[in-house]
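Q: Input: one structure, supplied below.
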Amino acid sequence: MNGGLKLIKMNKAKNHDGLKLPVVEEFYSIQGEGFHTGKAAYFLRIGGCDVSCAWCDEKRAWNAGNFQMIDIEGVVERIAVVPAKAVVVTGGEPLLWNLDILCKKLKEKGIETFLETSGSEPLSGQWDWVCLSPKKNAPPLHEVLEHADELKVVIETITDFAWAEENAKEVPSHCKLWLQPEWSCSQKMMQPIVDYILQHPKWSISLQSHKYMRVP
Ligand code: SF4
């Protein structure tokens, strides 16, 4: 863990007040993955992550210290003016930060709040939808597993099916279950995933359709 990431942990431990967040980027686009695929939403990417997935496609977001701490009032105002009243809060690992006030202000504006998390940090914020994508490097906390509305497991190798089943045992019965090929090996893993789902139909396949659509 580098110095920047230690600082992130300290911020959390000191009860970060949630009034400012290290915003990597924010944009209005189409959700490409999981249950809400195809729907318009505002995306808010928050910096900081110490999970270290080798295939992470947002490594630039790992060090929160590289991003300016931005006042959430302005962020909420920008979200409120787009036609879709929904925001996807993603990262990095957004739960490194206290998201209570952000969500409170979003709810005051009637905006639906969707979280994308690895579940490695305690839950904060008020969420209409929690998408949990568990990572072996930093397994999800029980308190996040029990609030998951969808479980989205990235499949890089055959052994990841067992990891998916392990997590599926811990989520509520209403939780949607997805297997998603890791992008760089999607050609290789597509058939094994299809075969697995045919034998285990409680799972569905999630594709990173935004990459096919070439939208952010
Ligand atoms: S948890 Fe997400 S942001 Fe963090 S390293 Fe893994 S894929 Fe990247």
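The values are calculated or read from the model by the stated rules, or taken from the named source; none is laboratory data. Remember, predicted model here, so these are calculated numbers, not experimental data. Here the Cβ positions follow ideal geometry from the backbone for every residue, glycine too, while neighbour counts run over all protein chains shown. Quick note on the areas: whole protein, heavy atoms, side chains included, nothing else; ligands and nucleic acids left out. Shrake-Rupley method; radii C 1.70, N 1.55, O 1.52, S 1.80 Å.
Rundown of residues vs (1) touching a Ser or Thr at 6+ places or on another chain (Cβ under 6 Å); (2) among the hydroxyl-bearing types (Ser, Thr, Tyr); (3) outside any strand (DSSP E or B); (4) within 13 Å of the ligand (Cβ to nearest atom), yes/no style:
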site	(1), (2), (3), (4)
Gly18	no, no, yes, no
Gly32	yes, no, yes, no
His36	no, no, yes, no
Gly48	no, no, yes, yes
Ser52	no, yes, yes, yes
Arg60	no, no, yes, yes
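Q: Identify the residue in segment 173-203 that is open to solvent by 30 Å² or more (accessible area, probe 1.4 Å) and within 18 Å of the chain's Cα centre (by Cα) and, among all such residues, is nearest to His147 (Cα to Cα).
A: Only one residue tops the list, namely Lys176.
Q: On to the next question. Looking at Val81, Val75, which one is buried (at least 19 other Cβ atoms within 10 Å of the Cβ), without any contact (Cβ under 8 Å) to a residue 60 or more places away in the chain and farther than 26 Å from Leu179 by Cα?
A: On the way: Val81 fails: buried (at least 19 other Cβ atoms within 10 Å of the Cβ).
Checking each option against the conditions leaves just Val75.
Q: Same structure again: Check off (1) surrounded by fewer than 16 Cβ atoms within 10 Å (Cβ to Cβ); (2) of a type in the set (Phe, Trp, Tyr); (3) within 19 Å of Asn137 (Cβ to Cβ) for Tyr212 and give me the number that stays unchecked.
A: (3)
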